[in-house]
Amino acid sequence: MGAEDSENSPSDLEARGADSSTDDETTQVDLASSSSDSEQESVPSSTTESDEDTSQSIEDMLLEFDEQEGLIRDRSLLDPNYVVEEDRIVGRDGQLQEVTKMLRVALGDNRPPNLFLYGPSGTGKSLITKAVCHNISRICETRDIQFGTIEVNCQDLDTLGVAVYELASQAADEAGVDIDVPKHGVATKEKWDELYRIVNENFDSVVFVLDELDMLVGRRDKQDPAFSRLLYQLSRAGANDELTAYISVVAISNDARMMESVGSRALSSFTPEDVHFDDYDANQLQAILRRRQDAFHDDVLDGDVIPLAAAFAAQTHGDARKAIDLMRVAGELAEREGDDCVREEHVREAQDKVEKNRVLEVVRGISTQKKLCLYATAAVAAQTDDGSARSTTGYRVYQFLTDSIDADQYHQETYVNKMKELTTYSLVDFERRSHGPSSGMFLEFQFGERPETILETLREDSRIDMVSPEEVESVVKAQIRNET
């Protein structure tokens, strides 16, 4: 195979780093000058504090905070990625049993089957896989079986070569050895060979956990997406005697239709067992949070905190990660405010903060055109009774926005495709609908977060902020009236 996609050159990175360093130094000089001027104005020169005194004052504040008991006793329980004990796994008895029964053959001299775990984000797919593999590893230690779990999240991996290197790196960490190939500058085949070497020399059985696998698309000039080629290579490695250890591949995706994009060769060799994870309902989310409420000290959670956090999370696809995160942020807000317990208002404040942070993280990285498509569609959803937006209406608002800021205007098909791409971020979902013979077919978009939060976040972009929100709202209302 050839070498990988090109990356930013070292000289470019060093130049940017030098510029950044210069800016930082200039800023520090300015701040120091400003601080010095301020001190001279407010304090006589004879009583100006020394740097040592200032440092001691900061230390005193830190130690004072350290001595406070706080509200949170065990922060690890409020980490959604923390592998909890079996009795804390709630509402997933069927899935837990299926995954355990299929992977347990790793305890003997057998290869476990490949698995495809699918369902919405935060429904326990990764949690159960980690819990089962953790227990298998513990039992294998007592039987002198070298078992390893090699897990990567594919969301931030852009090419097949980078993904293979990450697998090799994780395998090396699991085995406690060094990896002997660089991340860039060598052919992907060398990385595969290094992965096989590490696994063969250090393990009897390995489970590869590929989380959010559908996000590994890779280069667009390839016939199959990178995740399809990765599945093919891993599932064929044992048959070709490249891997002597027993291996199983657990593919995890939010997209139930991901396997439709897997190439025929990969599909015939991968042949996974499917395990579906559906949404948690509000009662299950409450049970999950109650299993983790001992993360807090006794009697610091008001009675309405857990039901409210569960209700907020149930509104957005039954996401347990969001429910746990809400509890954590609410507790931290209460601590910072010096309150003696976590109350409903802290949960509501946490809800606003978590939504904004999540949306901001996503929209910062998308193109201006995607921002315009998302803004137009969210503006429509914010004005409808059920929070949905027809693609036909969203496109007309998109046309208004592009005209207003003199931006390139794409055809409706491109607008729809860009909105479909945004579904991978779990911000929006869609269904194909028809409202009668005269309306024709269209897509209807539904948002996972409040449309108002998305609009507020997108207006941080100076180009979008050029258009008055009131003017956009007027256009949206006129277009909605035209639908009926």
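Values as computed for the structure displayed
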item: Lone unmet requirement of (1) crowded, with 16+ Cβ neighbours inside 10 Å; (2) in a helix (DSSP H, G or I); (3) not acidic (Asp, Glu) for Asn357; result: (1)
item: Given (1) free of Cβ contacts under 8 Å to residues at least 60 places away in the same chain; (2) surrounded by fewer than 21 Cβ atoms within 10 Å (Cβ to Cβ), number of the condition Ile306 does not satisfy; result: (2)
item: Candidates Gln383, Gln351 - the one that is part of a loop (DSSP other than H, G, I, E, B) and either in contact with a helix residue (DSSP H, G or I) (Cβ under 6 Å, 6 or more places away or on another chain) or hydroxyl-bearing (Ser, Thr, Tyr) (or both); result: Gln383
item: Search result, residues across region 240-266 that are open to solvent by 70 Å² or more (accessible area, probe 1.4 Å) and either modelled with pLDDT under 85 or among the small types (Gly, Ala, Ser) (or both); result: Asn240, Asp241, Arg257, Ser264
item: Long-range neighbours under 8 Å by Cβ, at least six apart or interchain, first residue open to solvent by 60 Å² or more (accessible area, probe 1.4 Å) within region 168-184, second part of a loop (DSSP other than H, G, I, E, B) and β-branched (Val, Ile, Thr); result: none
item: Any chance Gln233 is surrounded by fewer than 17 Cβ atoms within 10 Å (Cβ to Cβ) and over 22 Å from the mean Cα position of the chain (by Cα); result: no
item: Hits in region 189-216 (condition: in contact with a Phe, Trp or Tyr (Cβ under 7 Å, 6 or more places away or on another chain) and β-branched (Val, Ile, Thr)); result: none
item: Which listed residue, of Thr377, Thr423, is buried (at least 20 other Cβ atoms within 10 Å of the Cβ), in a helix (DSSP H, G or I) and polar (S, T, N, Q); result: Thr377
item: Unmet criterion (only one of (1) farther than 30 Å from Arg219 by Cβ; (2) at pLDDT below 95; (3) within 24 Å of the chain's Cα centre (by Cα)) for Val99; result: (2)
item: Region 196-230, subset open to solvent by less than 40 Å² (accessible area, probe 1.4 Å) and free of Cβ contacts under 8 Å to residues at least 40 places away in the same chain, residue farthest from Gly161 (Cα to Cα); result: Ile198
item: Test: residue in region 115-138 that is among the hydroxyl-bearing types (Ser, Thr, Tyr), free of Cβ contacts under 8 Å to residues at least 12 places away in the same chain and open to solvent by 10 Å² or more (accessible area, probe 1.4 Å); result: no
item: Any hit, region 220-227, residues being modelled with pLDDT of 95 or more and either out of contact with any helix residue (DSSP H, G or I) (no Cβ under 8 Å at 6 or more places or on another chain) or under 19 Å from Pro112 (Cβ atoms) (or both); result: no
item: Qualifying positions in region 325-348 - charged (D, E, K, R), open to solvent by less than 80 Å² (accessible area, probe 1.4 Å) and part of a loop (DSSP other than H, G, I, E, B); result: Asp339, Arg343
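The values are calculated or read from the model by the stated rules, or taken from the named source; none is laboratory data. Please read these numbers as outputs of a predicted model, since none were measured by experiment. Quick reminder, even Gly has a Cβ in these numbers, built from the backbone with ideal geometry, and neighbours come from all protein chains shown. The area values use the complete protein model at the heavy-atom level, side chains included, leaving out ligands, DNA and RNA. Shrake-Rupley method; radii C 1.70, N 1.55, O 1.52, S 1.80 Å.
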